[in-house]
1. Which residues in segment 68-98 place their backbone N less than 16 Å from a point set 7 Å from the Cα of residue 42 along the Cα-to-Cβ direction?
2. Per residue of the chain, what 222 nm ellipticity follows from adding -39500 (n - 2.57) for every DSSP H run with n ≥ 4, rounded to the nearest 500?
3. Write down the radius of gyration of the chain and its Dmax, each obtained from C-alpha positions, in Å.
4. Taking only C-alpha pairs under 8 Å that are 6+ residues apart, what is the relative contact order of segment 22-98 in percent?
5. Largest first, please: the extent of the C-alpha atoms of segment 1-95 along each principal axis, to the nearest Å.
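Where a number appears in this text, it was derived from the coordinates with a stated rule and is not lab data. Bear in mind that the values here come from a model prediction, so they are computed numbers and not experimental data. Cβ: placed from backbone, ideal geometry, glycine included. Neighbour counts: every protein chain shown.
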Amino acid sequence: MRADRVRRVVDLEGFGLPAARASQAPGRLAQWLDDQRAPPALRSYASLEEVAERLIRTNPRLPLARVRYLAPHWSREEADGRFRLLLADPAHKMRGPTLYRLDEVSATWSRVRAPVLHVEARDSPTLAAFAGQMPVVEFKTRFAAFPDWREEIVDEAGHMIHHDQPARVAALIESFCA
């Protein structure tokens, strides 16, 4: 797809990784090869209640009514009677064979012509985890590579921001994409 055909980019807490070091390359490649031989799998659940418990473990701030709503939408009962997650991909557990080179990523981001909206939860540990020892404010300076970068911070939300504040997230996206 040509870059000039993308009208808008919306990110929910997904931009950036820690910059990699060249010394990580052999281990990364070895792990990737191992994953090709035995790809990670997602576990199944005996009941919708187990799916709900999984949702709560991932996001303890979810109200019980929302958990009960999400569990049957997030999973599917298979022929064996077990529930498997629909909206999850085991490939998400795998890392690619190449390192995250911040200079290469920044050069690519600088060519993005579409406006970019980054939506972040105030209480999420995600960006801090990516930043590692670096202060989050310093980590965020990399986003200046985007010519048109906007950021919205959502209160009372953690990493599953779309579960915690669905109406707020939808309003931000709708306003941005209008």
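1. Output list for this probe position: 70-94.
2. When only DSSP H runs of four or more count, the value is -10500 deg cm²/dmol.
3. Radius of gyration, then largest Cα-Cα span, for the chain: 18.7, 51 Å.
4. 46 percent
5. So the three principal-axis extents are 45, 39, 28 Å.
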